[in-house]
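Step one of this worksheet: look at the structure below.
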Amino acid sequence: MSTTEGHLIRQVVRERLAAGVLPPAGSRTYAGYGTGKVCCACDLKIGRDEVEFDVIGQDRSLTAHAHCYHIWWAESAKAAES
């Protein structure tokens, strides 16, 4: 992932957190090989050769690429501090 891509994903995650589209990254998270699901942060398919994170929320489960999940987690922590 390039620096530009990382900045774009970070911006999308911030917007989705603020709008309530993405909940704060939860503590119940599981990682494994990609299953072809679409990432909730970047909207791209997670390939079988990539790591995906499944985040279990109160009302739904969301899936993200490993790098997208780390951005989501960091932005969730920043939002909680505000």
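Quick notes
- As for the stretch 35-52, it holds no residue that is of a type in the set (Ser, Thr, Tyr) and not in a loop (DSSP other than H, G, I, E, B).
- Close pairs from the stretch 49-60: first closer than 7 Å to THR29 by Cβ and at pLDDT below 95, partner among the aliphatic types (A, V, I, L, M) and outside any strand (DSSP E or B), Cβ under 7 Å, at least 6 apart: VAL55/ALA25
- Residue ID - surrounded by the fewest Cβ atoms within 10 Å (Cβ to Cβ), chosen from residues in the stretch 1-26 that are in contact with a strand residue (DSSP E or B) (Cβ under 9 Å, 6 or more places away or on another chain) and without any contact (Cβ under 8 Å) to a residue 60 or more places away in the chain: GLY26
- Consider the stretch 41-64 and keep the residues that are within 19 Å of GLU5 (Cα to Cα) and out of contact with any helix residue (DSSP H, G or I) (no Cβ under 8 Å at 6 or more places or on another chain). The one that is surrounded by the most Cβ atoms within 10 Å (Cβ to Cβ) is ILE46.
- Check on SER27, at pLDDT below 95, on the phi < 0 side of the Ramachandran plot and under 12 Å from the mean Cα position of the chain (by Cα): no
The values are calculated or read from the model by the stated rules, or taken from the named source; none is laboratory data. Computed from a predicted structure; not experimentally measured. Ideal geometry is used to build each Cβ from the backbone, glycine not excepted, and the neighbour counts take in all protein chains shown.
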